[in-house]
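See below for the structure under consideration.
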Amino acid sequence: MLQSRRHVLRNGRRHAASGRPWRGAVGLGIVTAMATALAAGPAGAAEPPAPREAAAAVDAAIDASMEAAGGAPAPACDDAAFLRRAWLDLTGDIPTPEHVIAFALDRSAEKRGAVIRALLDDPHYGLNWARYWRDVILARRIEDRALAVADALEADLSAWLNADEPWDRIAARFITAEGDVREEGATALAFAQDGRTEEFAAETSRIFLGMQLQCAQCHDHPYDSWKRGQFHELAAFFPRVGVRPVQTTTRRSFEVFASDRPLGRRPNNENRPQAEHRMPDLNDPAAPGTTMAPRFFLTGSRLPLGSRDAERRATLADWLTESPWFSRAVVNRLWSELAGEGFYEPVDDLGPERPLQAEEALEILASGFAANGFSLKWLMETICLTTAYQRESRGRRLPDDPAFTANVAQPLRGDQLFNALLSTLDMPEPADNGQPRAARNATNFRRRFGETFFYDPSDPRETVAASIPQALLLMNSPSLQQRISGERPTWLASLLAETDDPEQIIAEIYLRALSRPPRDAELATAVAYLGESPRLAEGAEDLCWALINSAEFRSRR
């Protein structure tokens, strides 16, 4: 194996001769026609667009937008950068050295598309993105007890995403969910907001429509046209939802429930259902307020007062997922996650009055997503096939610079970074020993690691900053130090037992940690350092430690 890797490293092995994705010559007129046809639905388009077809149209629209703004596109990233990027984006892990070498030696012009499809079929795809949505939903929880739903949420979402269940069906589950939070992952949205009417409504709008309607809770929206009454009409879909404890002699949990025989609300118990939602009187807080009928703010469609809870939430789920903003919201969010910048920024602040860039590209993706039955795998494959996704990674642009000239580096989420460490250091996944979450938190390294490196995926990435606790955990963790040792039964000890050639050792460490061979200057520096080290093992340990603490290791580029 070392000999084959050495061959790759020394013979132009960093990328194959032809690794660029196919891209047809698609004019902007075709782009506009495609968007119009897709928006027309089945009558306007006999077949929904295939990923390559849609990707080519998206690239044409982005290139036209970039050219109009005077921008110049970055070149395509090399094969090693693409492979690591795709693995982290789709499965939340890094490729093995064997995958890196095989990909570099593959001469197929279609190899990038083949890798994308293979990763989407990997079970870790569902797990990776389940963890992403888990963080989106629970990041803005009202109380930490909402973490009780995390395991069920992760398990259910993993299954749904791997099966490529339509996104509109998944969204409807979250909006209409009831049941024990430790068994029903879809209760996460309601439970995270403690079943509170206004908060449940606001998060439903933010996550599934990308609209911050809660800004209109106490006054008309300061930046958009939404009125205060429209927010409370949306809240009127949720007043009969509540959260209550469920306890037996052996188990304690909570359940999301609905009651059409309202229990009334008390001042310090905001999670008990009421008959109808009332908009408070700001001039007289003690007054009962105005009774609001359920009405969807985007269309004006309404239900009568007295409608049962099941009808309210199911109807809202239908109206919400039929809106074009539903498709735009998830397309914008996933494009931002994969390309580093959204068509709208932040990803949860869309609206008719919000700034938008490369609008035609967004509409092609949103229309194609809807035409393909809200398939997230179709959307992921399409985005990853675009030239825009496969460009070199650069730092964030200045506000006046054209958008989408390059991919943008992303800090790894806690789970992604932990997976990369497991793969690099050949560490086993920490076992939970069947303990409940509360008992595992103190001992489970993944959870502790995730808490230390956590950030809200909805936040703009430029606001995500490294911290001292993060640096200390990576630099000083006994668990990591044990796996870096060259004298214990570790991967590094096995490597040192196989060879004492410094170049081979350095190449192996780079392939494991950064999914690429060392550059010439890096190789020369590392060879010199190992040569000056008192022991070869000590120098190899230091090199490995330096790489896993590097900015390159902690980011997706």
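The values are calculated or read from the model by the stated rules, or taken from the named source; none is laboratory data. What you see is a predicted model, and the numbers here were worked out from it, not measured in a lab. So basically every Cβ, Gly included, is an ideal-geometry build from the backbone, and we count neighbours across all protein chains shown.
In the set (1) in contact with a strand residue (DSSP E or B) (Cβ under 7 Å, 6 or more places away or on another chain); (2) in contact (Cβ under 8 Å) with a residue 24 or more places away in the chain; (3) surrounded by fewer than 19 Cβ atoms within 10 Å (Cβ to Cβ), the condition left unmet by Pro245 is number (2).
Conditions (1) under 20 Å from Arg251 (Cβ atoms); (2) among the basic types (Lys, Arg); (3) part of a helix (DSSP H, G or I), marked per residue:
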site	(1), (2), (3)
Arg134	no, yes, yes
Ala150	yes, no, yes
Ala155	yes, no, yes
Ser158	no, no, yes
Glu165	no, no, no
Phe174	no, no, yes
Ala201	no, no, yes
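Answer yes or no: is there a residue in segment 318-331 that is aromatic (Phe, Trp, Tyr), free of Cβ contacts under 8 Å to residues at least 60 places away in the same chain and crowded, with 21+ Cβ neighbours inside 10 Å. Scanning segment 318-331 turns up no residue that is aromatic (Phe, Trp, Tyr), free of Cβ contacts under 8 Å to residues at least 60 places away in the same chain and crowded, with 21+ Cβ neighbours inside 10 Å.
Per-residue answers, yes or no, for (1) outside the structural domain of Pro457 (by TED's automatic domain parsing); (2) in a strand (DSSP E or B); (3) on the phi > 0 side of the Ramachandran plot; (4) in contact with a Pro (Cβ under 8 Å, 6 or more places away or on another chain):
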| site | (1), (2), (3), (4) |
| --- | --- |
| Arg278 | yes, yes, no, yes |
| Asp284 | yes, no, no, no |
| Thr291 | yes, yes, no, no |
| Phe297 | yes, no, no, no |
| Ser307 | yes, no, no, yes |
| Asp318 | yes, no, no, no |
| Ser327 | yes, no, no, no |
| Leu334 | yes, no, no, no |
| Leu338 | yes, no, no, no |
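Could you tell me how many of the residues in segment 211-244 are farther than 19 Å from Thr176 by Cα and outside any helix (DSSP H, G or I)? So the answer is 13. Looking across segment 447-495 at every residue that is without any contact (Cβ under 8 Å) to a residue 40 or more places away in the chain and assigned to a loop (DSSP other than H, G, I, E, B), the one that is surrounded by the most Cβ atoms within 10 Å (Cβ to Cβ) is identified as Ser477. Just to be sure I understand, how many residues within segment 524-544 are surrounded by fewer than 15 Cβ atoms within 10 Å (Cβ to Cβ) and either touching a helix residue (DSSP H, G or I) at 6+ places or on another chain (Cβ under 7 Å) or not β-branched (Val, Ile, Thr) (or both)? Looking only at that region, the number is 7.
If you check Arg206, Arg173, Arg240 for being of a type in the set (D, E, K, R) and buried (at least 23 other Cβ atoms within 10 Å of the Cβ), only one passes: Arg240. Step by step: first the residues of segment 336-375, then only those that are of a type in the set (Gly, Ala, Ser), at pLDDT 95 or above and farther than 25 Å from Phe82 by Cα, then the one that is surrounded by the most Cβ atoms within 10 Å (Cβ to Cβ). Which residue is that? Top of the filtered list is Ser367.
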